[in-house]
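The values are calculated or read from the model by the stated rules, or taken from the named source; none is laboratory data. If you're wondering where the values come from, they're calculated on a predicted model, not measured in any experiment. Here the Cβ is made from the backbone with ideal geometry for all residues, glycine too, and neighbour counts use every protein chain on show.
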Amino acid sequence: MSHGKFDHIMFKGGVHPPEGKELSNKCEIKEAPLLDKYTVILQQHIGAPPKPIVVKGDEVKKGQLLAESGGFVSAPIHSPTSGTVSAMTEIPGPMGAKMAAIEITADGKDDFESPFPPIEDWKAIDPDELKKRVAEAGIVGMGGAAFPTAVKLSPPADKKIDCLIINAAECEPFLTADHRTMLERTDAVLEGTAILAKILGVDKIVVGVEGNKPDAIETMSAKAGQYDIKVLEMRVRYPQGAEKQLIYAVSGRKVPTGGLPMDVGCVVQNVGTAVAVQEAVVEGKPLFERVTTVTGEPVVNPGNWKFRIGTPLSKVLELAGGIKHQPGKVILGGPMMGFAQKNLDVTIMKNASGVLLLSKEEITQFESDPCIRCGKCVDACPMNLLPGTLSAAAENERFDIAEDYRVMDCIECGSCSYVCPAHRPLVQHFKRSKAEITAKRRKQ
Amino acid sequence: MEIAVFAVVVIAVIGLILGLVIGFVAKLFAVETDPRIESVEELLPGANCGGCGFAGCSDFAKAVVAGDSEPSCCPVNSSENSAKIAELLGKSAGGENRKVAVILCGGDDNAAKRAAKYNGVKDCKSAAAVAGGDKGCAYGCLGFATCARACPFDAIEMRDGLAIVHPELCVGCGKCVEACPRNLIKLVPADAEVHIFCSSPEKGPVKKKVCSVPCIGCRKCVKAADEGQMTVNGFLVDVNYDNPPSKDVIETAKCPTGCLRTTA
């Protein structure tokens, strides 16, 4: 009952790049040592930026509120250690733009002061109370999108939710943070999932895991029965962990174009998010640290670490034993959807699932050529789009045509760019198109 | 013979009647036009290129006569013809208010470092979305010619990875201003002789690390110019375009990085 194999429903398209997970999937999660300084970016989520409530010179405890939620779609920020607020500064964010941040100089004591009491018996607590806790703890989607979790748990009254899906596909090559979390924190994942299910009031709970993690499936299945949770083995195909593809694999439902998972009665949460929810409720601990995979051929000791938010990438690489040789690329996230970085002052944020280094050979720099109309991108697109046509429209700045051809449905998974024999930067064209169309819609 | 005479008379009578009808209707439904519009239109190139922002030369002529535009706003017309139009209408050609675009960055590929290797879409807006672009300076010209492609008059040249406006070709339409993701392009009075070719608000040493021609905020030019001709904005000096200094200030200020200069 608690373990099902389910491979007859499968999204169309996708790709299967080399997994690269063997570099770090046997490495136990290690606690990163305390640093002297953390620089915590305020805007770590989609939505309104939080408002700082501390000023330079304030003494703070680990877990203390640094900035309060700035609106309905927003999340608060908590201190990663005890110490002093040494500066209100600006540091480069993962997208390159400078972002407001709070610098905490650690006092070395690492005193934890819970901003809210633990709730031992959460089963007896009102769901709204639990949802309030998720919001207060600053929990956001930790798979990458960083959408405030409490908002996802508050569907409008006319949308009936009947299915909670935990996204444990981890379909991005190289990343193993969720895999290790499932193996080492099985109870936390399952209990966090049960709490999420209680908040939503659903009884259909499925954890979807890709078949390339048999040990995680086994460990999770062994305990899932206690919580009435089903663990589902899914076929290994990228992007199996994309929200819409996952919903289709688990429930057979298709999210309509322009729609959200709640339109088909589903809510999807990430494994890391489930653990954060468990910690917030049961331990009274806000979200200020997360498990991140540091990997890639140039890394001396690839592995999985628990980093506090505000840890700079330079320190992250130092902890992983440094680098064997100058890498060709540093990516925050996975190789398919992650963001290339040019500055190691960029910090670990709540959604940093991985720090990936690729060697110069692995990222052979291609010149892009004109489209040869082979149609491989069409076969690969899991959203049934026409990437070639869309890219031609974007290249000629005809975003109106791109909009008609549904570029807004693109999930930016990168499958088309991966297969393109002309090495066209397809996803980059679509990102630009989406930004232009969003800007135009906002003007109207 | 008789038939021929009859035919001529009939045609003549019909012609006369129709002529009278037309003459009467023309009087009845006469449209009042300003004869000056036609005269102005004759002095325009008649290419209907739309460069002035109006729907063709006739539309522009109407706007000029109505006072909604100025004779010099036609980018194609010769200055003599613009002057003739101005004379005809008894007003100035508007040349003294002409605005041109200027790209306030001097960091070409020889002066400014590129911090990363970028081989994505050759477009500034796309490049700026990848880790903020490959340029070391987060405020500098990315050099992928998005502004040059947006310019309908080919007034922007790409030189060593830096966009440069040719003021004599620029008509001040402002299309490039919207195209630049770094907001480097300003519309300034055409008679402003000098500019500060830097837009980075960073501290001097930070700028020096990534570029050899930044404004380091030393204020030598502020002292050399008359009071109020330059404005200081943190670590960046701006020309006050309401009261711009003459190009003599370049001599006296001795800008240590050379970011204070003319467009040429």
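Matching residues to (1) crowded, with 18+ Cβ neighbours inside 10 Å; (2) in contact with a His (Cβ under 7 Å, 6 or more places away or on another chain); (3) in contact (Cβ under 8 Å) with a residue 60 or more places away in the chain; (4) under 22 Å from A:Val15 (Cβ atoms):
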{"site": "A:Asn396", "(1), (2), (3), (4)": "no, no, no, no"}
{"site": "A:Asp404", "(1), (2), (3), (4)": "no, no, no, no"}
{"site": "A:Cys410", "(1), (2), (3), (4)": "yes, no, no, yes"}
{"site": "A:Gly414", "(1), (2), (3), (4)": "yes, no, yes, yes"}
{"site": "A:Ser417", "(1), (2), (3), (4)": "yes, no, no, yes"}
{"site": "A:Arg424", "(1), (2), (3), (4)": "yes, no, no, yes"}
{"site": "A:Gln428", "(1), (2), (3), (4)": "yes, no, no, yes"}
{"site": "A:Arg432", "(1), (2), (3), (4)": "yes, no, no, no"}
{"site": "A:Ala435", "(1), (2), (3), (4)": "no, no, no, no"}
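Identify the residue in region A:145-197 that is in a helix (DSSP H, G or I) and among the acidic types (Asp, Glu) and, among all such residues, is surrounded by the fewest Cβ atoms within 10 Å (Cβ to Cβ). The residue in question is A:Asp187.
Okay, residues lined up against (1) modelled with pLDDT under 90; (2) assigned by TED's automatic domain parsing to the domain that holds B:Gly172; (3) surrounded by fewer than 20 Cβ atoms within 10 Å (Cβ to Cβ):
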| position | (1), (2), (3) |
| --- | --- |
| B:Ala111 | no, yes, no |
| B:Val121 | no, yes, no |
| B:Ala128 | no, yes, no |
| B:Ala131 | yes, yes, no |
| B:Tyr139 | no, yes, no |
| B:Leu142 | no, yes, no |
| B:Ala145 | no, yes, yes |
| B:Cys151 | yes, yes, no |
| B:Asp154 | yes, yes, yes |
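Condition first: of a type in the set (Asp, Glu) and under 17 Å from B:Asn97 (Cα atoms). Can you find one or more residues in region B:198-214 that meet it? No, region B:198-214 contains no residue that is of a type in the set (Asp, Glu) and under 17 Å from B:Asn97 (Cα atoms). Evaluate region B:228-241: report whether one residue or more is assigned to a loop (DSSP other than H, G, I, E, B), assigned by TED's automatic domain parsing to the domain that holds B:Asp134 and of a type in the set (Ser, Thr, Tyr). Yes, that holds for at least one residue.
Restrict the check to region B:81-97 and report whether at least one residue is modelled with pLDDT of 90 or more and surrounded by fewer than 16 Cβ atoms within 10 Å (Cβ to Cβ). Walk me through how you get there before you give the answer.
Of the residues in region B:81-97, the ones modelled with pLDDT of 90 or more are none.
No, region B:81-97 contains no residue that is modelled with pLDDT of 90 or more and surrounded by fewer than 16 Cβ atoms within 10 Å (Cβ to Cβ).
Of the residues making up region B:27-41, those that are among the charged types (D, E, K, R), in a helix (DSSP H, G or I) and under 16 Å from B:Ala63 (Cβ atoms) are B:Arg36, B:Glu38, B:Glu41. Among residues of region A:85-134 being touching a residue at least 40 places away in the same chain (Cβ under 8 Å), in a helix (DSSP H, G or I) and of a type in the set (A, V, I, L, M), the one that is surrounded by the most Cβ atoms within 10 Å (Cβ to Cβ) is A:Val134. Just one of the listed residues (B:Ala155, B:Ala138) is of a type in the set (Gly, Ala, Ser) and either within 15 Å of the chain's Cα centre (by Cα) or more than 14 Å from chain A (Cβ to nearest Cβ) (or both), and it is B:Ala155.
Among the residues of region B:164-179, are any farther than 23 Å from B:Cys73 by Cβ, outside any loop (DSSP other than H, G, I, E, B) and touching a strand residue (DSSP E or B) at 6+ places or on another chain (Cβ under 6 Å)?
Here is the first cut: in region B:164-179, the residues farther than 23 Å from B:Cys73 by Cβ are B:164.
If we keep only those that are outside any loop (DSSP other than H, G, I, E, B) too, we end up with B:164.
Next, only the ones that are touching a strand residue (DSSP E or B) at 6+ places or on another chain (Cβ under 6 Å) stay: B:164.
Yes, there is a match, as at least one residue in region B:164-179 is farther than 23 Å from B:Cys73 by Cβ, outside any loop (DSSP other than H, G, I, E, B) and touching a strand residue (DSSP E or B) at 6+ places or on another chain (Cβ under 6 Å).
Within the span defined as region A:44-57, one or more residues are without any contact (Cβ under 8 Å) to a residue 60 or more places away in the chain, of a type outside the set (Asp, Glu) and part of a strand (DSSP E or B). Taking region B:207-238 as the range and being surrounded by 15 or more Cβ atoms within 10 Å (Cβ to Cβ), out of contact with any helix residue (DSSP H, G or I) (no Cβ under 8 Å at 6 or more places or on another chain) and under 17 Å from B:Gly106 (Cβ atoms) as the test, the residues that pass are B:Lys207, B:Val210, B:Cys211, B:Ser212, B:Val213, B:Leu236, B:Asp238.
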